[in-house]
1. Would you mind checking the tilt of helix 195-207 against the longest principal axis of the Cα atoms of the chain, expressed as 0 to 90 degrees and rounded to 10?
2. Considering only DSSP beta bridges whose two residues both sit in the chain, what percent are antiparallel, to the nearest 5?
3. Net charge around Gly197, counting only other residues with Cβ within less than 12 Å of its Cβ (Lys, Arg = +1; Asp, Glu = -1)?
4. Students often check this: by mean Cβ neighbours within 10 Å, which of 328-340, 199-211, 160-172 ranks highest, and how do the rest follow?
5. Taking the Cβ of each residue in Trp67, Trp28 as the centre, tally the other Cβ atoms inside 10 Å and list the residues starting with the fewest.
6. Relative contact order of the range 142-283: what whole-number percent is it, with Cα pairs under 8 angstrom and at least 6 residues apart?
7. For the chain, with a Gaussian network of springs between Cα atoms less than 10 Å apart, report the residue from Phe234, Phe212, Phe277 with the top mean-square fluctuation.
8. Would you please give the residues with an amide H less than 5 Å from that of Asp395, counting only those at least 5 places away or on a separate chain, with H modeled from the backbone geometry?
Amino acid sequence: MEKEALGLFELNRQIRLRIQSGFPESIWLVAEISDLSVNRNGHCYLELIEKEPDGDKILARSRATIWASAYRMLRPYFESATGQELTAGIEIMVRVDVEFHELYSINLNIRDIEPSFTVGDLARKRRLIIQKLEEAGVFGMNKELEMPLVPQKIAIISSPTAAGFGDFNVQLSKNPFGYIFYTHLFPAVMQGEETVGSIIAALDTIAGYENFFDAVVIIRGGGSKLDLSSFDNFDLGLNVAQFPLPVITGIGHEQDDSIIDLVAHTRCKTPTAVAEFHIGQMADFETRLDESVELTVNTVKSFLADERSTIARIMEGMRLRVKGYTGYRELELNQVLVRAKSSVTQYFRTCRETLSRFEQISALKDPVNLLKMGYSITLKDGKPLKSVREIHEGDQLTTVVADGKVASSVLPAKAFPVIPAKAGTPSLNANPDQRTI
């Protein structure tokens, strides 16, 4: 029995007819752009995919096309509304015509696009990145680093031709305080697909000089949300959050913070603001230094004043004690002087009394007085005669009495009778051979 068979063209024709009947109008479709290219005629060719909700497994894949006439309108509309480039890796909501061609198979012809869906999806992805960084425990690590008191050695990550880099250098070098900074540029791509890898490579290089630099700045001269979309990246945020030096960002947008702004140590609006931040750090340190010097001087002055007051009190106390001691000693001395004076007076009185007694004794023993009392002195050759043994016959003697002198000669003892002496008195005739007359 001969079987009926369809040719491939006929099969595809029937598929096309059924698709046309099954999808008579455009439908809204949600998918992720897996690949995107634009040919020289301006036509945009995409590959759309759908993944598992919580994984990377691809569940479906399809071709899509935005013809040049539509692409010229849809692309700027989407990018201005989302601040995101229409590129691979983002989810989009598009209105498509489901088409089937016998030769090229199925194709989705994109007629319109809904930017708000992508904005919400980007915000969701951004929240997921923040959540992943928080779960990894690194979100606030860079903020916890201590900024050096004097951040003078600065590593710069920027495009060497960026206007923001020039503004940063001018602001820093011409600061009104005359502060000196050392800066070194580590060039990086700051826009496009190479941004993330280029900045991470620059950070890796700077990490080799961790002990030299005080801080790292990441700057660029502003741009649209689309230009700055590369800074909302998990890998870049992870590297900045874990970097061992404080990171200061000046990406040049004032409204929404990028991921690296959120994890950086300090976020500034512009490159110029980053320069002002470093100048301000120096000025704050100088102010604190001046305040410390003033406080030290005032403290020393207060200490010296207290010490002078203490010394004055001590000196006054010593003066009073010395005065009291001196008065006490003066009183003691006066008492000693009084006692000494009394003692001297008494001594001289005693001396006078003793002298008076001596004078009286002396007066009593004075020969003149003795003579007046009836005593006499016998002289031989002008000298007092003390013993009868000193006289000899024929000696001439002189006897002194109170009212005159008597001369006598020594005669032989035979010429005079012996006169007996009274009991207890010396005999005048001690020498019986000699007598005086």
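What follows is calculated from the coordinates using simple rules that are stated; it is not laboratory data. The shown structure was predicted, so the numbers you read here are calculated from the model rather than taken from an experiment. Here the Cβ positions follow ideal geometry from the backbone for every residue, glycine too, while neighbour counts run over all protein chains shown.
1. Rounded to the nearest ten degrees, it is 20.
2. So the antiparallel bridges in the chain amount to around 70 percent.
3. Net charge in that neighbourhood comes out at -4.
4. Ranked from most to least packed, the peptides come out as 160-172, 199-211, 328-340.
5. Trp28, Trp67
6. Computed over the range 142-283, the figure is 33 percent.
7. With Cα springs under 10 Å in the chain, the top fluctuation among Phe234, Phe212, Phe277 is at Phe212.
8. Amide H to amide H, under 5 Å and 5 or more residues apart or across chains, Asp395 pairs with Val410.
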